[in-house]
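To start, the structure itself, in structure tokens.
The values are calculated or read from the model by the stated rules, or taken from the named source; none is laboratory data. Here the structure is a predicted model, which means the values were calculated and not measured. Backbone-built Cβ (ideal geometry, glycine too); neighbour counts: all protein chains shown. Heads up: the accessible areas ignore ligands, DNA and RNA and are worked out on the full protein's heavy atoms, side chains in. Shrake-Rupley method; radii C 1.70, N 1.55, O 1.52, S 1.80 Å.
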Amino acid sequence: TEYGRALLDCVVAVFDDLRQGIKNIEFLTDPTAGEVRIGCNPLLAATFVSAVADRLSRRYPRMVFHFVEEHVETLYQELSRRNVDFLIARRLGPISDERLEFEFLFDDSYVVVVGAQSPWISRRRIKLAELVNEPWTLPPPDSGTGSLAIEAFRASGLDNPRIAVVSATAQVRMTLLATGRFLTILPASALRFPTRRPEFKVLPVKLPMARVPVGIVTLKNRTLSPVARVFVEQVREVAKPLAKRKL
């Protein structure tokens, strides 16, 4: 019933507060150890979030970082159910759930990317129309990046590109880029973390796509564990250079 669901929400919150309190005590016992659960999409997990975990693991080798990699709608549900501590996510629109809070980190732009062996890298100027019939590898059109990519072509008055491979996995798309034959569209930050990627090149193509904010999504009135707070502070540090410049 509606009353039962309301009571259940309270019970979940109480036990979550108790669990967080135990984590606080454990952190006081050993501030170099602990676990944190971060919700993020697979591409952010493999790039920006991995860079943060790498830095912290060097300083605190006994900390454990759990990446929960899902689409953003599922991640919001996981956060509301308190199954993750917070999200690192792109905000493609307003967050409808009033229980969630978004802390801005940086604006990310999208770029056309090829492998270092691609013949297109010798060109200084390229129009998007020239690339429509090239073999593309893109995420599914119902995903965030996939829908933005298709919209970029339509906004330029073009037909959909010739998509040869559809894959939700960024690693698959990057493997195909390495052949020198395929093109894709990626967030610019994906080529900076965990380290710069010289095997990929950004083509000089102007995309009619809005910059997308990346930030930390938390559940209002929920106290983060000490380890989660340490991770969030490192996230802010890594994001600082990105906030000061256009990607």
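Close amide H partners of GLN117, meaning residues 5 or more places away or on another chain with modelled amide H under 5 Å apart, are GLY180. Amide H to amide H, with H built 1.01 Å from N, VAL68 comes under 5 Å of ILE38, GLY39, CYS40, counting only residues 5 or more places away or on other chains.
Evaluated over the chain, the count of Lys pairs having alpha-carbon atoms less than 28 Å apart is 12 (only pairs 8 or more residues apart or interchain).
Positive end of the dipole of the chain (Cβ unit charges, origin at the Cα centre): among ALA116, LEU242, LEU56, the Cα lying farthest that way belongs to ALA116. Computed from the Cα positions only, the extents of the stretch 53-130 along the three principal axes stand at 49, 38, 20 Å, in decreasing order. Here's the picture: charge each Lys and Arg Cβ at +1 and each Asp and Glu Cβ at -1 in the stretch 98-247, and of ILE126, ILE216, PHE182 the one pushed furthest to the positive end of that dipole is ILE126. The charge dipole of the stretch 39-78, taken about the Cα centre with unit charges on the Cβ atoms of Lys, Arg (+1) and Asp, Glu (-1), comes to about 460 debye, rounded to the nearest 20.
In this structure the amide hydrogen of LEU105, modeled in the peptide plane, comes within under 5 Å of the amide hydrogens of VAL214, GLY215, ILE216, none closer than 5 places in sequence on its chain.
Taking GluC sites (Glu not before Pro) as exposed when their DSSP state is a loop state and no more than 13 other Cβ atoms lie within 10 Å, the longest site-free interval of the chain runs over 99-198. For the chain, the per residue solvent-accessible surface stands at 54 Å², with DNA, RNA and ligands left out and a 1.4 Å probe. Between LEU100, GLN77, PRO141, the Cα set farthest toward the positive side of the dipole of the stretch 50-163 (charges on each charged residue's Cβ, about the Cα centre) is that of PRO141.
Solvent-accessible area assigned to carbon and sulfur over the stretch 106-168 amounts to 46 percent, based on a 1.4 Å probe.
Taking the Cα centre of the stretch 184-225 as reference, the dipole from Cβ charges on Lys and Arg (+1) and Asp and Glu (-1) amounts to some 100 debye. Taking Cα centre as origin and charging only the Cβ of basic (Lys, Arg, +1) and acidic (Asp, Glu, -1) residues, the dipole magnitude of the chain rounds to 1280 debye. The GNM of the chain, with springs linking C-alpha atoms under 10 angstrom apart, assigns the highest mean-square fluctuation among PRO94, PRO42, PRO208 to PRO94.
Scaled to the compact-protein estimate 2.2 N^0.38 Å, what is the alpha-carbon radius of gyration of the stretch 145-221, rounded to two decimal places?
Here the answer is 1.28, to two decimals.
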